[in-house]
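Visitor: Quick one: the structure is below, and I'll ask about it shortly.
The values are calculated or read from the model by the stated rules, or taken from the named source; none is laboratory data. As the structure is a prediction and not an experimental result, all values here were calculated from the model. Positions of Cβ are backbone-derived with ideal geometry, glycine not excepted, and every protein chain shown enters the neighbour counts.
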Amino acid sequence: MSMANGKLTVIKYSLAKTKRPISPGAEKWLGKPIPCLDHGFVYLVDYLGNDLSVEQAARVSYGGGTRKVSETRGLIRYLKRNDHTTPFEMVELKFHAKMPIFVARQWVRHRTASINEYSARYSILDKEFYLPEPEILSEQSKNNKQGRGEVVSSAQAEEIRRLLLDEASGAYGLYEQLLNEDGDGNPKDLAKPKLARELARMGLTLNYYTQWYWKINLHNFMHFIKLRVHPHAQYEIRVFAEAMSKIAKQAFPIAWEAFEDYELNAEKFTSPELAILVKMLGNKIKFTPDEVIELAVASGMDNKREQYEMVKKLKLLGIIS
């Protein structure tokens, strides 16, 4: 797929055999856009590697590896659990995304990616802007300077939407007036100049759409997702992060499972917090190592190394006698 005059078009390529590692889950999503917000989308353009690529990168330091899925899973989970990040950097994803400009300005703060953005210096932007649904419009949070509070009333939401619509429509009218060109690039009004496109765009509002190609390795992508699917992240960027998570979960199922278990759905405790936990639990709850391992197995923790690591942590808390 590609963009021509701001429109999504399908380009058909002939398929050829490859010696590259293939991910069936990633292949499923290649060129398949997921709609985001009112005019946006994201889709997987290309990828490099699969779960086995993470394992391969880790094992290169001491030679040959194994192709048993159980051992691959065990190694990948060990790497993620113990913050060995480099092997995950050997896998890459490339997305094509279309989002409001204010979302792009948040997104670009993640500097560990390669980006090529649609150029409004070269091309003319479409008249496409983001208009939030009424249930998304909220007041400023009273205790979080970068968060949302209570949803505004339906009457207030409609008034806000009208104001946004009028402002964005008026801004595009000014944009067209400054550009002063028809579909063939000729002046509409010969008495007026054709202002440079890089200047004419100045009056556009931040809810107008831009788009880019975004390439990132799996380690940094996971960091992006952890921050941007969080409930405190802005709703609009969360929509894109959740869409990309859906793709990555199927593209790299073993690595993504480890990410969910050890980062996304996990909590880390600070040194003061651990000290408090020791005081709270150390003298009240006691288990033997065998009892803890039995509970771990019953909970689905079947990896012996992971069981040992948990026993070691619980000993520090005084929970294990």
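Visitor: From the list E257, E236, exactly one residue is of a type in the set (D, E), closer than 30 Å to Y130 by Cα and assigned by TED's automatic domain parsing to the domain that holds I22. Which is it? Outline the logic, then answer.
Guide: Numbers: E257 fails: closer than 30 Å to Y130 by Cα.
Criteria check complete, one pass: E236.
Visitor: Here's another thing I want to ask about it. Would you pick out the residues in the stretch 86-109 that are in a helix (DSSP H, G or I) and of a type outside the set (A, V, I, L, M)?
Guide: Scanning the stretch 86-109 gives T86, P87, F88, E89, F102, R105, Q106, W107.
Visitor: While we're here: Would you please name the residue that is modelled with the lowest pLDDT, looking only at residues in the stretch 281-294 that are of a type outside the set (G, A, S) and farther than 11 Å from V311 by Cβ? Before the answer, list the steps.
Guide: Here is the first cut: in the stretch 281-294, the residues of a type outside the set (G, A, S) are 281, 283-294.
After this cut, where a residue has to be farther than 11 Å from V311 by Cβ as well, the list is 281, 283-286, 294.
Numbers: L281: 72, N283: 62, K284: 66, I285: 67, K286: 76, E294: 85.
The residue in question is N283.
Visitor: Can you run down the residue pairs with Cβ atoms below 7 Å, 6 or more apart or on separate chains, where the first is in the stretch 162-191 and closer than 25 Å to I101 by Cα and the partner is among the small types (G, A, S)?
Guide: A171/G203; L174/G203; Y175/A200; Y175/G203; L178/A200; L179/A200
Visitor: From V42, V91, V54, V60, grab the single residue that is closer than 30 Å to L204 by Cα, outside the structural domain of Q307 (by TED's automatic domain parsing) and either at pLDDT below 95 or in contact with a helix residue (DSSP H, G or I) (Cβ under 7 Å, 6 or more places away or on another chain) (or both). Spell out the reasoning first.
Guide: Working: V91 fails: closer than 30 Å to L204 by Cα; V54 fails: closer than 30 Å to L204 by Cα; V60 fails: closer than 30 Å to L204 by Cα.
Going through V42, V91, V54, V60 in turn, the sole match is V42.
Visitor: Still on this structure, I have one more. Here is a list: A258, A251. Which entry is at pLDDT 95 or above, closer than 26 Å to K32 by Cα and touching a Gly at 6+ places or on another chain (Cβ under 7 Å)?
Guide: Working: A258 fails: touching a Gly at 6+ places or on another chain (Cβ under 7 Å).
The match here is A251.
Visitor: Hey, another quick one. Any residue in the stretch 24-44 that is at positive phi sitting within a Cβ distance under 7 Å of a residue that is of a type outside the set (D, E, K, R) and in a helix (DSSP H, G or I)? List the pairs, counting only those 6 or more apart or interchain.
Guide: So the pair list comes out as L37/V239.
Visitor: State all residues of the stretch 170-183 that are at negative phi, out of contact with any helix residue (DSSP H, G or I) (no Cβ under 8 Å at 6 or more places or on another chain) and surrounded by 13 or more Cβ atoms within 10 Å (Cβ to Cβ); if no residue qualifies, say none. Quick ask: steps written out before the conclusion?
Guide: Taking the stretch 170-183 first, the residues at negative phi are 170-179, 181-183.
From the residues that got through so far, the ones that are out of contact with any helix residue (DSSP H, G or I) (no Cβ under 8 Å at 6 or more places or on another chain) too are 170, 172-173, 176-177, 181-183.
Those that are at negative phi, out of contact with any helix residue (DSSP H, G or I) (no Cβ under 8 Å at 6 or more places or on another chain) and surrounded by 13 or more Cβ atoms within 10 Å (Cβ to Cβ): Y172, E176, Q177, E181.
Visitor: Sticking with this one: Can you tell me how many residues within the stretch 118-145 are surrounded by 14 or more Cβ atoms within 10 Å (Cβ to Cβ) and assigned to a strand (DSSP E or B)?
Guide: Final tally of qualifying residues: 2.
Visitor: Now for a different question. Within the stretch 67-85, how many residues are in contact with a helix residue (DSSP H, G or I) (Cβ under 7 Å, 6 or more places away or on another chain) and part of a helix (DSSP H, G or I)?
Guide: Total satisfying the criteria: 9.
Visitor: If a residue must be touching a helix residue (DSSP H, G or I) at 6+ places or on another chain (Cβ under 9 Å) and either exposed (fewer than 13 other Cβ atoms within 10 Å of the Cβ) or in the same structural domain as A258 (by TED's automatic domain parsing) (or both), how many such residues does the stretch 276-296 contain?
Guide: 0
Visitor: Here's something else I'd like to know. Go through (1) more than 12 Å from the chain's Cα centre (by Cα); (2) crowded, with 17+ Cβ neighbours inside 10 Å; (3) aromatic (F, W, Y) for Y308 and report which single condition fails.
Guide: Answer for Y308: the failing condition is (2).
Visitor: Within the stretch 191-237, restricting attention to residues that are more than 21 Å from I136 (Cα to Cα) and in a loop (DSSP other than H, G, I, E, B), which residue is nearest to the chain's Cα centre (by Cα)?
Guide: Per the stated criteria, the residue is L204.
Visitor: Could you grab me the full set of residues in the stretch 146-160 that are of a type outside the set (S, T, N, Q), over 26 Å from H230 (Cα atoms) and surrounded by 11 or more Cβ atoms within 10 Å (Cβ to Cβ)? Give the steps one after another, and end with the answer.
Guide: First pass over the stretch 146-160, keeping only residues of a type outside the set (S, T, N, Q): 147-152, 155, 157-160.
Right, trim to over 26 Å from H230 (Cα atoms) and you get 155, 158-160.
Those that are of a type outside the set (S, T, N, Q), over 26 Å from H230 (Cα atoms) and surrounded by 11 or more Cβ atoms within 10 Å (Cβ to Cβ): E158, E159, I160.
Visitor: Can you tell me which of (1) among the acidic types (D, E); (2) surrounded by fewer than 19 Cβ atoms within 10 Å (Cβ to Cβ); (3) at pLDDT 95 or above is the one E71 doesn't meet?
Guide: Every listed condition holds for E71 apart from (3).
Visitor: Sticking with this one: For the list (1) among the aromatic types (F, W, Y); (2) modelled with pLDDT of 95 or more; (3) not in a helix (DSSP H, G or I), I need the number of the one condition that F269 fails.
Guide: F269 satisfies all of (1) among the aromatic types (F, W, Y); (2) modelled with pLDDT of 95 or more; (3) not in a helix (DSSP H, G or I) except (2).
Visitor: Okay, moving on. A241 is checked against (1) out of contact with any helix residue (DSSP H, G or I) (no Cβ under 8 Å at 6 or more places or on another chain); (2) free of Cβ contacts under 8 Å to residues at least 60 places away in the same chain; (3) small (G, A, S) and fails just one. What number does that condition carry?
Guide: That leaves (1) as the condition not met.
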